[in-house]
1. Among the numbered criteria (1) at pLDDT below 85; (2) on the phi < 0 side of the Ramachandran plot, which single criterion is violated by G20?
2. Regarding A33, is this residue under 26 Å from R91 (Cα atoms) and either of a type in the set (S, T, Y) or modelled with pLDDT of 85 or more (or both)?
3. Of the conditions (1) surrounded by fewer than 16 Cβ atoms within 10 Å (Cβ to Cβ); (2) in a helix (DSSP H, G or I), R83 fails just one. Which one is it?
4. Hey, does the range 53-73 have a residue that's exposed (fewer than 12 other Cβ atoms within 10 Å of the Cβ) and within 19 Å of the chain's Cα centre (by Cα)?
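The values are calculated or read from the model by the stated rules, or taken from the named source; none is laboratory data. Since we're looking at a predicted model, the values are computed, not measured. Cβ placement follows ideal geometry from the backbone for every residue including glycine, while neighbour counts extend to all protein chains displayed.
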Amino acid sequence: MEGQIFHFNLPIISFLAKGGILVIPILFCSVIALTIVLERLYRFRKLRIKNPDLIARVKKALNEKGVDEALFIAENSKNPLGRVLKEGIKRYRAGKESMERAMASAAEREIRG
C-alpha cells in the first residue's frame, strides 16, 4: 500500500480518512448536535413533575381554604410546576387571562433555566 497516507484496519477511521477535509466539519456539527440533544434531555428531565398530585392539592386548597393556602402549597412544592402555579395563583383575582399570561411567562423561564 505504497502512496497511501492513512492505513487503518478500523472501518470507521478508514471511512473518515477517505472523506478528506469535508468530514471534519460534519463530525464537528454532529458533536455539537449531540451535545444540544443531551442538554435538552437533561433539562426536560429536570423539569419532570416530581409531585404529581400538586395540581389536585392546589385546586382543593383554592376551593376549600382560599388563595393564601393554595399559594402556600405551590410555594413549598420546590419544583418547576409549583413555581408556575405560584405565578398564576398570585394573579387569581386579576382574572383568567392575567393568570394564563403569568403562568406562560413562568413556564418559559423554567424551560430556559
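1. It fails just one condition, (2).
2. Working: under 26 Å from R91 (Cα atoms): no; either of a type in the set (S, T, Y) or modelled with pLDDT of 85 or more (or both): yes.
When the stated conditions are applied, A33 does not pass them.
3. (1)
4. No: zero hits.
Yes or no, residue by residue, for (1) assigned to a loop (DSSP other than H, G, I, E, B); (2) at pLDDT below 90; (3) closer than 17 Å to M103 by Cα:
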| site | (1), (2), (3) |
| --- | --- |
| L41 | no, yes, no |
| F44 | no, yes, no |
| P52 | yes, yes, no |
| R57 | no, no, no |
| K60 | no, no, no |
| E69 | no, no, no |
| F72 | no, no, yes |
| S77 | yes, yes, yes |
